[in-house]
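Everything on this sheet refers to the single structure shown next.
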Amino acid sequence: MRYGFVLPYGDARTATQLAVLAEEHGWDAFFVWEPVWGVDAWVSLTAAAMRTDRIRLGTMLTPLPRRKPWDVASQSATLDNLSGGRVILSVGLGAPDDRWWLFEEDPGRRTRAELLDEGLQMLTGLWRGEPFEYEGKHFRARSARRLLPAPPVQRPRIPIWVVGAWPHRNAQPATTAGCRHSCRSRASTKR
């Protein structure tokens, strides 16, 4: 991917119209913000998938520690199947400011990092489309033997971008499930 467009705010209709426009003008990807409370990113991306054919679709970013991994696995695999394999999943710890904690307390960076790592392990296991078991500190999954959802179209899995600010005194790149990505903050480039 060379060029991606990020929609920071807008309803599903606006997202769809802009995704169509971005595709018509040669953009490679279209991303929507996933808020804690507000317009559902996955509904917006689904609407965009129904009106586009080529452009990649994704969130910027999904705060995986705040979500149930099985819900994200279902939403992303469903969209990947619907779109013919065009999903990119961007995940991170979630913004550290107050708007992310309107409905619950922040469990702290260390706990969010543990939830992120376990969530990534669960996502990749659930996307296989076969019985999967998991036992972690925060999540567990018992093996289902029937009515398993279809795996994503993309193989071996949906691309995952792990996004974060660096440097941080406790920074540790995510290497779980073959994912590795970070962003350098502006403040860190002025040193």
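Model label points for LEU148 and MET1, set 7 angstrom from Cα along the Cα-to-Cβ axis, are 2.8 nm apart. Once you order the gyration tensor axes a ≥ b ≥ c over the Cα atoms, which shape class does the stretch 1-131 get: rounded for a/c under 1.5, otherwise prolate or oblate by comparing a/b with b/c? Here the stretch 1-131 falls in the oblate category. Looking at the stretch 1-154 alone, DSSP beta bridges between its own residues are antiparallel in about 15 percent of cases. The charge dipole of the stretch 1-71, taken about its Cα centre with unit charges on the Cβ atoms of Lys, Arg (+1), Asp and Glu (-1) only, comes to about 180 debye.
Over the stretch 17-134, Cα pairs under 8 Å with separation of 6+ residues give a relative contact order of 25 percent.
Here the stretch 22-58 and the stretch 80-145 have alpha carbon centers that stand 20 Å from each other.
Rounded to the nearest 20 debye, the dipole size of the stretch 4-189 about its Cα centre is 460 debye, using +1 on the Cβ of Lys and Arg and -1 on the Cβ of Asp and Glu. Amide hydrogen proximity for TRP161: with H placed 1.01 Å from N in the peptide plane, the residues at 5 or more positions away or on another chain lying under 5 Å are LEU89, SER90, VAL91.
Bear in mind that the values in this text are calculations on the coordinates, not laboratory data. All values derive from a computational prediction rather than experimental measurement. Please note: Cβ atoms are built from the backbone with ideal geometry, for glycine as well, and neighbour counts cover all protein chains shown.
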